[in-house]
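A.B. asks: Would you mind keeping the following structure in view while I ask a few things?
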Amino acid sequence: MLRVVLVLVLLVFCVLLIRQANSHEESGEWSCELDSEIRVQAEYGPGLITLDGHADDWKDMDGFEFSLLPALDPDAENEYRGGKMTVKALHDGRDVFFMVQVDGDYAYSKGDNNKCPSVALMFQIGEDATYHSMGGCKEGFDSCTNKTCKGHEVDILHFSIGNAIPGRLYGGNPIDNRVGNGGDRFGHLVDLYAWNPHCRYLDGIGSSANDSSGQNDWKGAWWHSSFNVHSGFVEEDSPYASDGQKGTFYFEFSRPLRTMDRLQQDVQFTIGGSSKMSVAFWYPVDGKPWHGSGHYSVSCDWVPLDISLGSSVLTMARPRSSVSAASVFALLLSVISLCASVFIGYWVVKPQTVQFTPMENL
């Protein structure tokens, strides 16, 4: 009898373990309820942005404010405690610009990217590319190729600032672009593409072969509002400020709307068109190094990015085509001068007639 009771107890215990294990597994497809009002608008504004990491150029431009939730488990209880992220965008007809503002205490450890804040932008390239699982290709590391994962391509910019001087420009440079890939050996502002988290490469580098036409088309800089130096930092100034100071991180980026990519590794923006994007943020919470999958995200799905047609071009052209008061006065004076000249010329060349007087009147 005791043996039977023990067997029953063991069976119940095993059932409970199985249920507990199943409760921690993902069930069904990835689902997300996205607010229809969420979108990033890239307005047209030529000659407005200096790419230096400073936010002064952007103060009059609207952006969208996001709460940052863990990307793998978007639970409000685990929201990033430092504050919100604001994303702004602009284009000048040739390049597109992004400003990513994140509230957060200053944290910097030279040479250790995982103890510094980091940010990434991700864009849909292939029509089947999903936000979840970084493109969503089902192939594994050994089988993902541009053929087996065709249509699942995403474009990624990743900026880790551990070796980047605030206010200095990083990203595409002649040395790395000459090699033919999307790397950045100076500041780790890199240009990547991916099909899923396990199949992620620098532009120009593939799972089976490399292509020397790959380039890093991005440029960018970073800053923090606690800095009291605006004339420029050098590497010897590191860590540039004291850890723990309240403020805001600024990450500023630019890239041509269209690139020379022929490998389906860059998103191509179209004026008047719409793309899909997301933004990720890593932060060393409580001074602990972050890990690759431990990032926060602005949304649980793609966020629409609209590239404005640039109606402001017409607005700016109108004052140029309008006639100023000085122009009207000058034209009127010219007409008067012309009339006077014609009148005087007529009297000069007009035949002089002498009135006839009869002889008897002399």
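The values are calculated or read from the model by the stated rules, or taken from the named source; none is laboratory data. Quick caveat: nothing in here was measured; it's all calculated off a predicted structure. Using ideal geometry, Cβ is built from the backbone for each residue, glycine included, and neighbour counts are taken over all protein chains shown. Side chains are part of the model used for accessible areas, which takes the heavy atoms of the whole protein and leaves out ligands, DNA and RNA. Shrake-Rupley method; radii C 1.70, N 1.55, O 1.52, S 1.80 Å.
A.B. asks: Compute the distance in nm between two label points, each set 7 Å from the Cα along the Cα-to-Cβ direction, one at E236 and one at S274.
C.D. replies: Spacing of the two 7 Å Cα→Cβ label points: 5.3 nm.
A.B. asks: By accessible area of protein heavy atoms, probe 1.4 Å, what ranking do R81, R39, R185 get, highest first?
C.D. replies: Ranked from most to least accessible, the order is R81, R185, R39.
A.B. asks: How far is it, in nm, from the label point at D75 to the one at K110 when both lie 7 Å from their Cα along the line to the Cβ?
C.D. replies: 4.0 nm
A.B. asks: So between I175 and R39, what do we pick up on full extension, going 0.36 nm a residue minus the alpha carbon distance?
C.D. replies: Result: 45.3 nm gained on full extension.
A.B. asks: Within the accessible area of region 38-181, what % is carbon and sulfur when the probe is 1.4 Å and the other protein chains stay in place?
C.D. replies: Reported share for carbon and sulfur atoms: 45 percent.
A.B. asks: If you stretched the chain out fully between L309 and S226, how much longer would it get, using 0.36 nm times the residue separation minus the C-alpha to C-alpha distance?
C.D. replies: Using 0.36 nm per residue and subtracting the Cα-Cα distance, I get 26.2 nm.
A.B. asks: How would K288, K84, K138 rank on accessible area, largest to smallest, probe 1.4 Å?
C.D. replies: K138, K288, K84
A.B. asks: What FRET efficiency do you get for D211 and T50 if R0 is 45 Å and r is their Cβ-Cβ distance, rounded to the nearest 0.05?
C.D. replies: Step by step, r from the Cβ atoms, then E = 0.85.
A.B. asks: Continuing with the same structure: What number comes out for accessible area per residue over region 44-162 if the probe is 1.4 Å? Units Å², please.
C.D. replies: Accessible surface, normalised per residue, equals 45 Å².
A.B. asks: I've got another one for you. Roughly how many Å² of F66 are accessible to a 1.4 Å probe, to the nearest 10?
C.D. replies: Here the residue's solvent-accessible area equals roughly 10 Å².
A.B. asks: Of the peptides 107-118, 296-307, 43-54, how do they stack up when ordered by the mean number of other Cβ atoms within 10 Å, highest first?
C.D. replies: Ranking the peptides 107-118, 296-307, 43-54 by packing returns 296-307, 107-118, 43-54.
A.B. asks: So which lysines can K110 reach, going by Cα to Cα under 27 Å and dropping same-chain residues fewer than 8 places off?
C.D. replies: List returned: K84, K219, K246, K288.
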